[in-house]
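Take a look at the structure set out below.
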Amino acid sequence: MTFSGQRRSQGFTLLEIMVAIVIFALVIAAIYSSWLAVMRGSKSALDAAAAVQRSRVAMSTLQEALWATRSFAADIQYYSFVAENGDDATLSFVSRLSPSFPRSGRFGDFDVRRVTFSIEPGPDSTRQLVLRQNPVLMEMDIDEQEHPVILARDIREFKVEFRDGRDPDWLEEWTQTNQLPKMVRITMQFGQPNPQAPPQDKITRDIALPSITVPANWQRAGGNP
């Protein structure tokens, strides 16, 4: 009887150990699931914050450059205002840039430069907004061409619209490359290239250009002030 009772006692003990192990495994699984959910939520929040920061920097850079545009009719071949929408959108113009503008230290005293913003392919089938610069009377060097400033990644949409001061509607094309528009509207949207990934909210900013194309007769001696 004693030996049989001991075997039953041992059997109950093993069962209890097995139950404890199962409960412990369930607790660990619950903790891991909670931790994983927290990490995923944290990553989403960090990604959202990074996207907002990238959009802010990109918009600020575009706005700073547009606020300092320059155009002179007598030398319009150097001061053309070029814009193109689409998958390979481009915005190029001449601006007098401050020392705090990205990569200004590389150009020294050449503060009047052509800036070219363009949408180009990035890693993993993404698209990115890049910035290239060159002094207005100089060609762009190879290093600037091959290693531009990457202002933003994961660009889902980049669109530029214009107002010429006569038409109240926004124009999607700017054909007057020898003139500056009165206002420029920039629209950007971020998101992964995967169509199943939901895009982020669109960011739109209207920027009024404070300058005009200086007429040629104003540049000549004795011209109008």
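Structure notes:
- Flag for R156 being basic (K, R), surrounded by fewer than 18 Cβ atoms within 10 Å (Cβ to Cβ) and not in a loop (DSSP other than H, G, I, E, B): yes
- Among the residues making up segment 51-62, those that are of a type in the set (S, T, N, Q) and surrounded by 15 or more Cβ atoms within 10 Å (Cβ to Cβ) are S55, T61.
- Answer residue from segment 50-89, given it is touching a residue at least 60 places away in the same chain (Cβ under 8 Å) and of a type in the set (S, T, Y) and is farthest from P135 (Cα to Cα) among those: S55
- Any chance S71 is at pLDDT 85 or above and in contact with a helix residue (DSSP H, G or I) (Cβ under 7 Å, 6 or more places away or on another chain): no
- Residues that are closer than 16 Å to F117 by Cβ and among the aliphatic types (A, V, I, L, M), drawn from segment 136-153: M140, V149, I150, L151, A152
- Residues in segment 44-65 that are among the β-branched types (V, I, T) and at pLDDT 80 or above were compared, and the one that is farthest from the chain's Cα centre (by Cα) is T61.
- Pairs are defined by a Cβ separation below 6 Å, a sequence spacing of at least 6 or placement on different chains, a first member in segment 101-116 that is under 13 Å from P148 (Cβ atoms), and a second member that is of a type outside the set (V, I, T) and assigned to a helix (DSSP H, G or I); the pairs so defined are V115/A65.
- Qualifying positions in segment 102-118 - farther than 17 Å from E139 by Cα and modelled with pLDDT of 95 or more: S118
- Verdict on S92 being in contact (Cβ under 8 Å) with a residue 12 or more places away in the chain and crowded, with 17+ Cβ neighbours inside 10 Å: no
- Subset of segment 110-144 that is surrounded by 14 or more Cβ atoms within 10 Å (Cβ to Cβ) and acidic (D, E) - its residue that is nearest to the chain's Cα centre (by Cα): E120
- Selection count where residues are loosely packed, with under 15 Cβ neighbours inside 10 Å and in contact with a helix residue (DSSP H, G or I) (Cβ under 9 Å, 6 or more places away or on another chain), scope segment 75-89: 1
The values are calculated or read from the model by the stated rules, or taken from the named source; none is laboratory data. Bear in mind the structure is a predicted one, so any value in this text is a computation, not a measurement. So basically every Cβ, Gly included, is an ideal-geometry build from the backbone, and we count neighbours across all protein chains shown.
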